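The values are calculated or read from the model by the stated rules, or taken from the named source; none is laboratory data. Values in this document were obtained by computation on a predicted structure and should not be read as measured data. Ideal geometry is used to build each Cβ from the backbone, glycine not excepted, and the neighbour counts take in all protein chains shown.
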Amino acid sequence: MTIPLPKNGKTKEEVLAQMQAWRQHDLRWQEGKVFSLVFSAGQEALAVIKEAYAMFFSENMLNPTAFPSLRRCETEVVGMSASLLGGDGYVVGNMSSGGTESILMAVLTAREWAKVNKPAVKQPEMILPITAHPAFEKAAHYFGVKPVRTPVGEDFRADVAAVRAAVTAATILIVGSAPAYPHGVIDPIAELAAVAQENGILCHTDACVGGFMLPFVRKLGYAVPDFDFSVSGVTSISADLHKYGYAAKGASVILYRNNALRRHQLFAYTDWPGGIYASPTMGGTRPGGAIAAAWAVMNYLGEAGYLAIAKQVMQAVTAVNEGIRAIPGIYVLGDPQMSLMAIGSESLDIYEVGDEMSARGWQLDRQHYPPSLHMTVHFAHIGNVETFLRDLAASVRMAGKPGLRKTGNKLLLAAARLATRKLPERWVSKLMGRASSLVGVSGSGLPERSAAMYGMMGSLPNRGDLKEVVLDLVEQFTQPQDAS
Ligand SMILES: *Cc1c(COP(=O)(O)O)cnc(C)c1O
């Protein structure tokens with residue numbers, strides 16, 4: 001695929017107008033109807049973050065001696081994060097580009113730590129409750145650490161007995177989440193860390209989404225179990241500034257219990273003709289803007305600012321929770337302790353409810369095992385609780401009515417099951433594409449009604465086929481759409 005560079009440059013107006021026009025099909029998160037991807041602390045904070053980002057737009061934190069200002073920002077961001085997360089004077093860490101990079105670093109560090117401290121281990125293993133974020137699978141894929149998945153209990157929290165039983169001589173790391181993304185519940189970190197300690201291995205808390213929310217939720221008086229460095233067996237924590245820290249995207253922290261452990265993360269190469277090269281994390285060039293914006297928002301909001309936001313968010317969460325429980329036919333899965341939750345149903349096709357909500361402008365991610373809709377409630381939603389609940393009740397009523405479309409969905413499902421048994425893989429992926437057009441794809445390429453498609457995906461008997469289908473989609477998304 002090739003696209004020629006424009007022969008001559010366009011004007012600034014032309015360039016910006018073109019991109020502005022393209023945005024009309026994008027999710028409009030500003031209206032507070034999107035429940036993933038974007039976090040916001042409101043317009044005033046946004047203005048500060050943007051200004052700080054722009055101030056350090058060109059600077060590169062690859063070389064910390066070149067920009068002492070950014071070095072100060074990063075060390076203060078890490079220090080403030082460590083203090084929020086129960087750290088003492090020994091806790092160290094780095095900023096990274098996001099939760100995934102922080103998690104990659106934690107897994108790499110565990111592997112390198114094990115080379116020194118568990119030299120007999122040839123194929124290291126890490127224990128992941130099934131709800132742990134796919135970034136750990138990515139780390140497994142990149143770094144050759146074997147993922148060992150363990151079940152969660154009825155309450156969707158990691159099953160400690162199963163984790164204990166999964167420990168082998170090759171286990172180097174146990175992972176728990178605070179909270180795990182799918183259902184918003186906090187794993188029993190203290191117990192997981194105790195298992196790690198008994199076995200002399202590492203324990204990582206993935207507080208990517210909770211790290212900058214739970215400390216404030218606790219301070220407001222809500223019950224939050226111990227999950228951070230106050231638990232003695234926890235050896236590393238990932239926490240994303242670009243989520244409930246409200247920083248600009250590209251900002252997370254990876255923290256370690258002490259310098260000796262973090263040492264395994266660092267990289268240096270001394271034989272390059274270009275000079276001595278050293279780098280703490282995955283990236284080479286590190287954008288100064290993201291570091292500066294994180295420092296700016298933490299100092300702009302301060303503890304009082306984060307507390308005030310968390311208070312309003314938790315009030316909205318309580319209202320949403322109660323509202324959902326009052327709608328017959330749907331329920332909240334488990335007992336989420338923060339501001340993430342999943343909505344399920346025993347009697348309805350919950351994906352149909354999701355599609356009805358989409359038709360009303362609400363964006364809720366679809367989950368499976370069991371089928372559910374995901375919500376991340378944050379500051380942008382606090383004024384929308386009533387309309388959300390009204391639309392949700394209406395969507396549930398619609399999804400409960402028998403209709404033509406659902407009959408169509410059933411036929412599609414049956415066709416998919418038949419096809420996956422009879423057809424070669426490539427044909428199946430073609431069929432998936434057809435199916436998505438059958439169930440309605442808007443001009444933006446976003447499926448308007450995903451219930452049939454998602455139901456079909458979930459029903460593919462062979463997960464390997466599904467993976468190929470998904471990778472086909474990833475390839476498609478890196479190709480240009482039809483010009484329009
Ligand atoms: C968001 C998230 C991640 C991954 O973070 P990215 O910034 O998207 O890379 C990891 N774990 C949990 C629990 C998350 O919510």
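Summary table below
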| read-out | value |
| --- | --- |
| Test: residue in the range 104-121 that is in contact with an Asp or Glu (Cβ under 8 Å, 6 or more places away or on another chain) and either among the charged types (D, E, K, R) or surrounded by 15 or more Cβ atoms within 10 Å (Cβ to Cβ) (or both) | no |
| The range 239-280, residues that are in a loop (DSSP other than H, G, I, E, B), within 30 Å of residue 50 (Cβ to Cβ) and away from the ligand (no atom under 16 Å from the Cβ) | 280 |
| Filter result for residue 338 (at pLDDT 95 or above, of a type in the set (A, V, I, L, M) and either more than 30 Å from residue 97 (Cα to Cα) or surrounded by fewer than 21 Cβ atoms within 10 Å (Cβ to Cβ) (or both)) | no |
| Matching residues in the range 314-341 - criterion: being part of a helix (DSSP H, G or I) and more than 22 Å from residue 213 (Cα to Cα) | 323, 324, 325 |
| Selection status of residue 206, of a type in the set (D, E, K, R) and either more than 15 Å from the ligand (Cβ to nearest atom) or closer than 19 Å to residue 303 by Cα (or both) | no |
| Test for residue 231: is it within 16 Å of the ligand (Cβ to nearest atom), part of a loop (DSSP other than H, G, I, E, B) and among the β-branched types (Val, Ile, Thr) | no |
| Wholly enclosed helices (runs of 4 or more DSSP H) of the range 29-148 bearing at least 1 residues modelled with pLDDT of 95 or more, assigned by TED's automatic domain parsing to the domain that holds residue 176 and within 16 Å of the ligand (Cβ to nearest atom) | 68-84, 99-117, 134-143 |
| Given (1) more than 12 Å from the ligand (Cβ to nearest atom); (2) part of a loop (DSSP other than H, G, I, E, B); (3) crowded, with 24+ Cβ neighbours inside 10 Å, number of the condition residue 155 does not satisfy | (3) |
